[in-house]
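The values are calculated or read from the model by the stated rules, or taken from the named source; none is laboratory data. Since this is a predicted model, take the numbers as computed values, not measurements. All Cβ positions, even for glycine, are placed from backbone atoms using ideal geometry, and neighbour counts span all protein chains on display. Protein only, heavy atoms only, side chains kept; ligands, DNA and RNA dropped before computing areas. Shrake-Rupley method; radii C 1.70, N 1.55, O 1.52, S 1.80 Å.
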Amino acid sequence: MADYNSDDDKSDRVLSPLVQEISQACEDYGFFQIINHGVPENLCERMMISVTEFFQLHHEERAHISSNDRTKPVRVSNFYLKEGQDKVTMWSETFSHPWHPIDDFIHLLPKNPPQYREVIGAYAKVIGALMNRLLSLISQGLGLEKDFLQRKLGEKPSLNAQANYYPPCPDPELTLGLAAHTDIGGLTILRQLEGVTGLQVIKDGKWVAVEPVPNAFVINVGHQIQVMSNGRYKSVHHRAVTNKQRPRVSLAMFYSPNKDTIVGPIEDLVDEEHPPLYRNYHYAEFIEEFRRQEGTRRRVKEVFEI
Ligand code: OGA
Ligand code: NI
């Protein structure tokens, strides 16, 4: 658990305890939670309520943006039982849309619940600032200039949000809410509903629950930061399980490079002792490989290993 208030930004050479703690977590878990982050709790609550209300509208109200076509910037997908299937794939529904520049997309976002557009607009702004701060702390943890990772991830990053809705499940033993996966991009800031567990992370071959902490964000490293850090920071598998009693809601804000960005190990992190583990590639190539491995226990990074 990283306490933002322990961040002393004064020294350039000595790593602050906060930077060290985050760095250690990125190496050991690829996940950590933050508190005292400065994002107003009230705004986060309004965001979670808006997301919940959106999913609790009659599904007909979401039908016009319901699609499995990944090229659609704003879309709802559900994994519930479809005609002709005898098994559900996952017990959840997702809503994805870009979160920056929000003004370019706001007209595509739901009109209902009526506050959705306003709340996501405000939330995206503060998450943008938090994201930059985290990228700066993570850069420092790698011994780099504060703005290094942000520059490396490119001037026009691809910023998408994914809201996840997990209704109560009659038999949680039979299905997962969200299948085990890794986040493909750079960094993820996840808000989860207080009081309902579901997120699990793999650690030493075992699934460990990420318990919701009041007013905390869960942060996790994506594949691109693993590659840029030359394998020092880990992008780890995680999943969500369901429960019988209560619906669970989460909102992931992803920060990824754009398709044209060249990704590879940062030169300053490569030397004789630490030879490059990955080759350079265009992010578009990585996405293509990620999609090609859809439905398998993906091994995408391996394709780019040297
Ligand atoms: C995701 C994700 C976890 C959760 O959206 O990528 O990992 O708790 N979500 O819903
Ligand atoms: Ni994820």
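There is at least one residue in the stretch 29-41 that is surrounded by fewer than 15 Cβ atoms within 10 Å (Cβ to Cβ) and not in a loop (DSSP other than H, G, I, E, B).
Tell me yes or no: at least one residue of the stretch 87-96 is touching a residue at least 60 places away in the same chain (Cβ under 8 Å), aromatic (F, W, Y) and part of a helix (DSSP H, G or I). For the stretch 87-96, residues touching a residue at least 60 places away in the same chain (Cβ under 8 Å), aromatic (F, W, Y) and part of a helix (DSSP H, G or I): absent.
Quick one: in the stretch 87-105, of everything that is buried (at least 16 other Cβ atoms within 10 Å of the Cβ) and among the β-branched types (V, I, T), which residue is nearest to V51 (Cα to Cα)? Break it down stepwise before answering.
Within the stretch 87-105, the subset buried (at least 16 other Cβ atoms within 10 Å of the Cβ) is 88, 90-100, 102, 105.
Cutting the leftovers down to among the β-branched types (V, I, T) gives us 88, 94, 102.
Values: V88: 23, T94: 10, I102: 16 Å.
Among those residues, the one meeting the criterion is T94.
Restricting to the stretch 97-117, give me the number of residues that are outside any loop (DSSP other than H, G, I, E, B) and touching a strand residue (DSSP E or B) at 6+ places or on another chain (Cβ under 8 Å).
7
Each residue in the stretch 179-195 was checked for being aliphatic (A, V, I, L, M), within 10 Å of ligand 1 (Cβ to nearest atom) and open to solvent by less than 30 Å² (accessible area, probe 1.4 Å), and 1 of them qualify. When the stretch 207-217 is limited to residues that are in a loop (DSSP other than H, G, I, E, B) and either within 14 Å of ligand 1 (Cβ to nearest atom) or among the charged types (D, E, K, R) (or both), the one that is surrounded by the fewest Cβ atoms within 10 Å (Cβ to Cβ) turns out to be E211. Taking into account only those residues within the stretch 180-195 that are near ligand 2 (Cβ under 10 Å from one of its atoms) and assigned to a strand (DSSP E or B), which is farthest from F286 (Cα to Cα)? The qualifying residue farthest from F286 (Cα to Cα) is L190. For the stretch 196-206, filtered to residues that are in a strand (DSSP E or B) and either modelled with pLDDT under 95 or more than 14 Å from ligand 2 (Cβ to nearest atom) (or both), the residue that is surrounded by the fewest Cβ atoms within 10 Å (Cβ to Cβ) is K206.
Residues in the stretch 218-269 that are within 13 Å of ligand 2 (Cβ to nearest atom), open to solvent by 30 Å² or more (accessible area, probe 1.4 Å) and not in a strand (DSSP E or B): H237 alone. Scanning the stretch 278-294 for residues that are over 18 Å from G231 (Cβ atoms) and open to solvent by 80 Å² or more (accessible area, probe 1.4 Å), we see that the one that is modelled with the lowest pLDDT is E294.
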